[in-house]
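Right, one structure below, let's go through it.
The numbers here are math on the coordinates, done by the rules we state, and not lab data. What you are looking at is a predicted structure, and each value in this text was computed from that prediction instead of being measured. Virtual Cβ from ideal backbone geometry, glycine too; neighbours counted across all protein chains shown.
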Amino acid sequence: MTLILQNIDYFLTVLLTVFFLFKFVEEIRNQKRIPVIMIFLCISLYFLTKTFFVLRIMFN
């Protein structure tokens, strides 16, 4: 059961990373709301870092 929940967490982390990167790029294209761009940048960096560690765990 723990393994299933852990895999779901890994999957959601990767999914959220892709989502927030997409939103970040979309906001950059609009260039209207600088604070929103910065928020999406911070969130994207957090999830990219978390995804990096998740992938290291999965492939080691």
Query raised in the report: For the Cα atoms of the chain, what angle does the longest principal axis make with the long axis of helix 2-30, in degrees from 0 to 90, nearest 10?
Result: 10
Requested in this report: Choose one of L48, L15, L5: the residue whose Cα lies farthest towards the positive end of the charge dipole of segment 2-58 (beta-carbon charges +1 Lys, Arg; -1 Asp, Glu; about the Cα centre).
Outcome: L48
Query raised in the report: Going by how many other Cβ atoms sit within 10 Å of their own, how do Y46, Y10 line up, fewest first?
Result: Y46, Y10
Query raised in the report: Taking the Cα centre of the chain as origin and charging only Cβ (+1 Lys, Arg; -1 Asp, Glu), how large is the dipole, in debye to the nearest 20?
Result: 180
Report summary line: Matching label for the computed Rg and Dmax of the Cα atoms in Å, out of [x] 13.8, 45; [y] 14.2, 50; [z] 18.4, 55, is [x]
